[in-house]
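The values are calculated or read from the model by the stated rules, or taken from the named source; none is laboratory data. Keep in mind the model is a prediction, meaning the values are calculated, not measured. Virtual Cβ from ideal backbone geometry, glycine too; neighbours counted across all protein chains shown.
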Amino acid sequence: MAVTAGRPNRGALLPARVSALTGSRAGSLTIFIVRRVLWMIPIIFFVILITFLLMHLAPGSPWDKDGGRQLSQVVRDNLNAKYGLNKPELQQFMLYLWNAIHFDFGLSYQYSGKSVVKLIAEGWPYTMTLGVLAFLLIVPVGVGLGVLAALRQNSRVDYITMGFATFAASFPNFVIGALMVVFLSVLMAKWTQRAFFLPAADFGLDDHLIMPVITLSLLPIAYTARLTRASTLDTIRQDFIRTAWAKGLSERLVVVRHILKNSLIPVVTTLGPTFAFLVTGSIIVETIFNIPGIGRAFVTAVSSRDYPMILGTTVLFSVIIAVANLVVDVLYVFIDPRVRLT
Amino acid sequence: MAIPVAVEQAIDWEIGEQQIGLWRDAWQRFRRNRLALLGGALVLILVVVAFLSPLLVHFGIIINPTTQEVEHIEVGPGMFRHVLGTDQLGRDTLSRLMFGSRISLSVGILVQGIILPIGLAIGLTAGYFGGRIDNLLMRFTDIWYAFPDLIFVLVLVSVFGPSLLSIFGAIALVNWVGLARLVRGQVLSIKEKEFIEAARSSGSAPFKLIVKHLLPNSLGPIIVTLTFGIPQAIFLEAVLSFLGVGIQPPTPTWGQMVFDGYEAIYANPTSVVFPALAIGFTLLAFSFIGDGLRDALDPRMRR
């Protein structure tokens, strides 16, 4: 990495080669993005294929009851006809793909008459609110803690931050959520005679959000803080930082313009996995705090074997994660000019 | 030309220093890591508890985890000879915790046992033969990566039912990808080294090359990955139990205990706290060990 200030104008020295280089970079960037977008299609196809195959491999039919009286054959035939299960498997799969392209994911088994799209649309606002709030908390807190720990390496701040990050990364979010409910809600209500406590059940756009959002964001905050710290420490030891100090720049200028600018680049890559965390985390958090979002709907679908709903949600989750990873990869190329496109 | 005595001694000294093998060196470095030792001690205690708990029940030292005392439902810790209280059915929490460790530990370790051969086979094949096979296998793992862990496990369990076998299998099935990729990467980087070239030019067959040279040299990172895989597997099993689609009652598991306690949280909050802490500290212990092993086995960390 070269010192940027005071560098001779390379274009003047090597006009032909530099312009050729930049030209090919813009071109290869387009190819890179197009290739990545196209690569999503087979991934999503295989996600649908694998989940679809699994659902049809499942022993028994979705109409089997766990015990007691079973449905008569006539009713089964009618149900199969209604949900298109009487057609050959391949035809069912092609039909599903065709409908999925048109945003039709079939009817839910468990709530008769409701479409999967409608169920997902009902849960979406809750999951989205949680996810966006958690994301807004994760980036500043995670990055802030990481930078702070790195700038004061081996100080008390560093140890406390990293100790917290280790705990938060090891304790599963359902454990943290349950413990928070015990202490901040149940016991707090008992100790303060119900004067001050955080509500745990139901959902509203007020203090009901505090515990779910914290539960959802603790793990990503821990990861972001650890990565930011490592990357900042890496940057601090570089020659150009020593130069920046040596030429007498103020601390603020060195930290913001030189250290942060360079050390935050790798942090962008964690935003992809963060999305995956938020998606899977929503399953757990919505179950703990009884929030009617997509995550809880997915769990209910899994325990009642509502295959169209499971399939629809899995596809949705995979698409969200694939798109998030794509955006992060492209963003990364734009932010860091040193990245090689492959 | 005679070598000066001083230089000769220096050379001797250096050779002596290098004769500490990788494993002894790693153990010495692991031993100096206090957190890793703490983690190791915790896991050791858990293993002892897991092995001894049926014996302790047999000799009447702890209560059977499935015995219900209907007159003592949701009692707090320390009451009616229930050290940690009872659950919503009047079963002893301590005993259920001790038996729960059996499930958690066996999930953690058996799953690694399933992952190891799959990950090794695919990673070694992809890394060693390269080319089209490599491309195909890596695209395959790409697709596997597209499924978020928890979602895939939930789908698999919903399809194959919540039996012990399907839960272990499902967790292994989502976790082998990481190991396969790691092994492939290791093989790719070692494959070009001179000692492999030497072995090949002296006529080693591919199988011998893989078993004698590639495998031992990538053993360190493999061990670290498997160690970090243990808490991952324990976590997934606990989440499944917590969501009610894991190992079914009456077999006590920690995730289930958190779930049961959570249902009755106002009556007896401690019935959530103990299993929750058990899960948390077990995972913490394994990640301390993992961190310690990684630092001890990473050749770049050597002096």
Q. On the given criteria, is B:Thr141 touching a helix residue (DSSP H, G or I) at 6+ places or on another chain (Cβ under 7 Å), part of a helix (DSSP H, G or I), away from chain A (no Cβ under 14 Å) and of a type in the set (Ser, Thr, Tyr)?
A. no
Q) Restricting to segment B:114-130, what's the tally of residues that are more than 19 Å from B:Ala205 (Cα to Cα) and exposed (fewer than 15 other Cβ atoms within 10 Å of the Cβ)? A) 1
Q | Flag for A:Ala134 being at pLDDT below 90 and touching a helix residue (DSSP H, G or I) at 6+ places or on another chain (Cβ under 9 Å) | A | no
(Q) If a residue counts only when it is closer than 27 Å to B:Pro216 by Cα and hydroxyl-bearing (Ser, Thr, Tyr), which helices (runs of 4 or more DSSP H) contained entirely in segment B:20-131 have at least 2 such residues? (A) B:93-129
Q. Restricting to segment B:257-280, what's the tally of residues that are in contact (Cβ under 8 Å) with a residue 40 or more places away in the chain and out of contact with any Pro (no Cβ under 7 Å at 6 or more places or on another chain)?
A. 9
Q | When residues of segment B:248-267 are limited to those that are more than 9 Å from every other protein chain (Cβ to nearest Cβ) and surrounded by fewer than 21 Cβ atoms within 10 Å (Cβ to Cβ), the one farthest from the chain's Cα centre (by Cα) | A | B:Ala267
Q) Which residues, counting only those in segment A:167-194, are part of a loop (DSSP other than H, G, I, E, B), over 22 Å from the mean Cα position of the chain (by Cα) and not hydroxyl-bearing (Ser, Thr, Tyr)? A) A:Gln193, A:Arg194
Q) Restricting attention to segment B:117-126, does a residue exist that is within 14 Å of another protein chain (Cβ to nearest Cβ) and under 21 Å from B:Thr225 (Cα atoms)? A) no
Q: Would you check if B:Leu297 is touching a residue at least 12 places away in the same chain (Cβ under 8 Å) and in contact with a Ser or Thr (Cβ under 7 Å, 6 or more places away or on another chain)?
A: no
Q: Select, from A:Pro273, A:Pro292, the only residue that is assigned to a loop (DSSP other than H, G, I, E, B), within 18 Å of A:Val132 (Cα to Cα) and more than 9 Å from every other protein chain (Cβ to nearest Cβ).
A: A:Pro292
Q.
Scan segment A:220-229 and tell me whether some residue there is of a type in the set (A, V, I, L, M) and over 30 Å from A:Phe289 (Cα atoms).
A. no
Q. From the list A:Ile236, A:Ile221, A:Ile265, A:Ile284, which residue is under 26 Å from A:Ile120 (Cβ atoms) and either touching a residue at least 24 places away in the same chain (Cβ under 8 Å) or surrounded by 17 or more Cβ atoms within 10 Å (Cβ to Cβ) (or both)?
A. A:Ile284
(Q) Condition check: β-branched (Val, Ile, Thr), touching a Leu at 6+ places or on another chain (Cβ under 7 Å) and surrounded by fewer than 21 Cβ atoms within 10 Å (Cβ to Cβ). Does A:Ile210 satisfy that? (A) yes
Q | Criterion violated by B:Pro275 - all others in (1) within 14 Å of chain A (Cβ to nearest Cβ); (2) out of contact with any Phe, Trp or Tyr (no Cβ under 6 Å at 6 or more places or on another chain); (3) under 30 Å from B:Ile63 (Cβ atoms) satisfied | A | (2)
Q) Which is within 16 Å of B:Leu236 (Cα to Cα), in contact (Cβ under 8 Å) with a residue 24 or more places away in the chain and more than 14 Å from every other protein chain (Cβ to nearest Cβ), of B:Arg91, B:Arg102? A) B:Arg102
Q: From (1) surrounded by fewer than 14 Cβ atoms within 10 Å (Cβ to Cβ); (2) within 14 Å of chain B (Cβ to nearest Cβ); (3) hydroxyl-bearing (Ser, Thr, Tyr), pick out the condition that doesn't hold for A:Ser170.
A: (1)
**Q.** Search result, residues across segment B:168-189 that are within 17 Å of the chain's Cα centre (by Cα) and among the small types (Gly, Ala, Ser)
**A.** B:Gly169, B:Ala170, B:Ala172, B:Gly178, B:Ala180
Q.
Could you check segment A:301-319 and list, in sequence order, the residues that are within 11 Å of chain B (Cβ to nearest Cβ), crowded, with 18+ Cβ neighbours inside 10 Å and in a helix (DSSP H, G or I)?
A. A:Ala301, A:Val302, A:Tyr307, A:Met309, A:Ile310, A:Leu311, A:Thr313, A:Thr314, A:Val315, A:Leu316, A:Phe317, A:Ser318
Q) How many residues, within segment B:185-230, are touching a residue at least 60 places away in the same chain (Cβ under 8 Å), farther than 30 Å from B:Ala285 by Cβ and buried (at least 19 other Cβ atoms within 10 Å of the Cβ)? A) 2
Q | Test result for A:Leu130, in a helix (DSSP H, G or I) and exposed (fewer than 15 other Cβ atoms within 10 Å of the Cβ) | A | no
Q | Lone unmet requirement of (1) farther than 26 Å from B:Ala285 by Cα; (2) surrounded by fewer than 17 Cβ atoms within 10 Å (Cβ to Cβ); (3) not acidic (Asp, Glu) for B:Val155 | A | (2)
Q. Residues of segment A:144-166 being in a helix (DSSP H, G or I) and surrounded by fewer than 21 Cβ atoms within 10 Å (Cβ to Cβ), which ones?
A. A:Gly144, A:Leu148, A:Leu151, A:Arg156, A:Val157, A:Asp158, A:Tyr159, A:Ile160, A:Met162, A:Gly163, A:Phe164, A:Thr166
